[in-house]
Structures are given as structure tokens and as C-alpha cells.
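Since every read-out is calculated from the coordinates, none of them should be taken as a lab result. Please read these numbers as outputs of a predicted model, since none were measured by experiment. We place every Cβ from the backbone using ideal geometry, glycine too, and count neighbours over all the protein chains shown.
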Amino acid sequence: MIDGESKSKEASATASSPEEGMTFTEHLGELRTRIIYSIVFLILGCFVSFPLIKPFLFPFMMRPMAGIKDAEIQVLGPSEKFMAYFKVGIAAGLVIALPLVLYQLWLFVRPGLKQKEKRWVKGLLWSAVFLFLAGAAFSFFLMLPIALRFLLTFNPGYDIKTQITLDRYFSFTLFLVLAGGLVFQIPLITFFLSLIGLVSPHQMSKYRKYAILATVILAAALTPTGDPVTLSVMGLPIYLLYEISIFVSRAVYKGKAAAVEKASE
């Protein structure tokens, strides 16, 4: 009788948490479902963004050029306006769909996490969104105007008319905005690496001089022009983020030490 009751309890427990007993094939099916939903959200994000391009997004993207005198934007090909229009719509659609795509990622990994891990992962995902948007805003509102003003008004000693194609302008702008969003993930990456013990605040402080060199290399790789002004504008926040990451790593290790001390009591 007891054996029968225990078996029925085990069966009911298994039935109440089917995610924990998913087979590899079922995991693949769940992954496929989340990918399909993510693609649908990306498409919907683009559909939402395209009507906003002409009245809002295009004028907004052209704003950094407003204060630059003697600089013109031109079109060299018949399809260039359409391609620029298309690039802006796709980029805006990705930004709109980003929270929904990350939510699909959360739904996929959630069943395999414990309650404490769920809080950590959810916080990391939303932190990634916030840091990406902060980095993109930094690049667009601060870095891009400084870089454009220097590059387009630079005088080599000869009267040269400054013109830039529409496609190259948007490619340059979107690249810097994307690079800024990715660079601002450095503290989050440091948090994760400190949590699993791959980096420590002592190591990061010890290798600070190498971090400066890595900052210059990374900034040079992320700046499409390679000029010193754009390099400096990109490199300075990268290094500041590295210093912030040291404090993040120190906070993680203090939390881990406090947890160990509490467990020993």
C-alpha cells in the first residue's frame, strides 16, 4: 500500500513539472518554438518601425548633421535612398523587438533554473537591455556629433567641398550606435565572469596597464575611421567601464564572501 502511494506521489510530481523531465527532442522543439516567436517579433518590430521612418526616425537620425556647416549629403545610386530607408527600418525594428526576443530567451532557460537562479538571470537580461540602450544613446548623442564635426569640418589646408553619401552616413551612424551598445556590456560580462571565478578585482587592478593597451586596440577596431578624435571618444568610455567593472567585481566577491561566512555559521 505504501509502495503504491509513493509511486502515485512520484507520478504526480513528475506530471506537475513536465519541463524538468523534457527529453532532448522536446528541448529542441521548445528552442524551435522560441526562435520562431523571436523571428515573428522581429518582423512585427520592422512593420511597426517602417511607418515611423519618414515622419520621425529619418529626421531623428539626421539630427547630428544639423549643426555642421558646409557639409552635404548626396545620393550616388538610384537605390541608395531606398536602402538607407530600409536600414533605418530594420535597425529600429530590432530595437523594438529586443525586449520580446530576450523574453523568449528567458522562457527557454527558465524551466531549468532554480528559484534563486531565475532572479539572477532575469536581472542579467534586463541589465543587458538597459546597458545596450545606454551605450547606444551615448554613441548617438555624444560620440557621433563629435566624430562627425571633426571629420567633416577638418581642413587639410586646401578648399575641398565636403560631401557624404546617404548610405555611408547611415552605415557609419548605425555602426557606432551598435558598437556603443555592445561596449557598455563590459560591466555585465565582468559580473558574470566574477560570479564564476574567472576574474577577480585583484587581477583587474593588477593588469590595469594592459587594459589601457587593450582599450586602445578595441577602440581602434570599433571605430571605422580610425581618426584620433573618434578613437579617443570611444576609448575613454571603454576604459571608464573597465574601472567600473573593477568595482562590480569587488562587489561580487564581497557578496560571495558574505554568503560563505553566513553558511559557516
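Label sites at Glu261 and Ser232, each approximated as a point 7 angstrom past Cα along Cα to Cβ, lie 4.4 nm apart.
Estimated from helices alone, the mean residue ellipticity of the chain at 222 nm is -25500 deg cm²/dmol (sum of -39500 (n - 2.57) over DSSP H runs with n ≥ 4, per residue).
Looking only at Asp167, Asp70, Asp159, which one moves most when the chain is put into a Gaussian network model with springs between Cα atoms under 10 Å? In this elastic network of the chain, the residue with the biggest mean-square fluctuation among Asp167, Asp70, Asp159 is Asp159. Axis of helix 144-153 versus longest Cα principal axis of the chain: the two differ by about 20°, to the nearest ten degrees. Our coupling estimate for region 186-200, obtained by passing each phi through the Karplus curve with A = 6.51, B = -1.76, C = 1.60 and θ = phi - 60°, is 4, x, 5, 5, 4, 4, 5, 5, 5, 5, 9, x, 7, 10, 9 Hz, Gly and Pro reported as x.
Axis of helix 24-52 versus longest Cα principal axis of the chain: the two differ by about 30°, to the nearest ten degrees. Annotation for Phe47 and Phe86: the two label points, set 7 Å from Cα along the Cα-Cβ direction, are 2.0 nm apart. Annotation for region 98-205: chymotrypsin sites (Phe, Trp or Tyr not before Pro) lying in DSSP loop with at most 11 further Cβ atoms inside 10 Å of their Cβ are Phe154, Tyr158.
Across region 241-248, rounded Karplus estimates of 3J(HN,Hα) from the backbone phi angles (6.51 cos²θ - 1.76 cosθ + 1.60, θ = phi - 60°) give 5, 5, 5, 4, 5, 5, 5, 4 Hz, Gly and Pro being marked x.
Over the chain, with a Gaussian network built from C-alpha contacts below 10 Å, which listed residue (Ala66, Ala134, Ala219) shows the highest mean-square fluctuation? In this elastic network of the chain, the residue with the biggest mean-square fluctuation among Ala66, Ala134, Ala219 is Ala66.
Taking the chain as a Gaussian network of alpha-carbon nodes connected by springs under 10 Å, the highest mean-square fluctuation of the residues Pro64, Pro99, Pro55 belongs to Pro55. Here the Karplus curve 6.51 cos²θ - 1.76 cosθ + 1.60, taken at θ = phi - 60°, turns the phi angles of region 81-91 into couplings of 4, 5, 5, 5, 4, 5, 4, 5, x, 5, 4 Hz, with x standing for Gly and Pro. Against the longest alpha carbon principal axis of the chain, how many degrees, from 0 to 90 and to the nearest 10, is the axis of helix 166-183 turned? Roughly 40 degrees between the two axes. Within region 135-220, the trypsin sites (Lys or Arg not before Pro) that combine a DSSP coil assignment with at most 10 other C-beta atoms in a 10 angstrom radius are Lys161. Amide H contacts of Ser200 (H built 1.01 Å from N, in plane; Pro and chain starts excluded): no residue 5 or more places away or on another chain comes under 5 Å.
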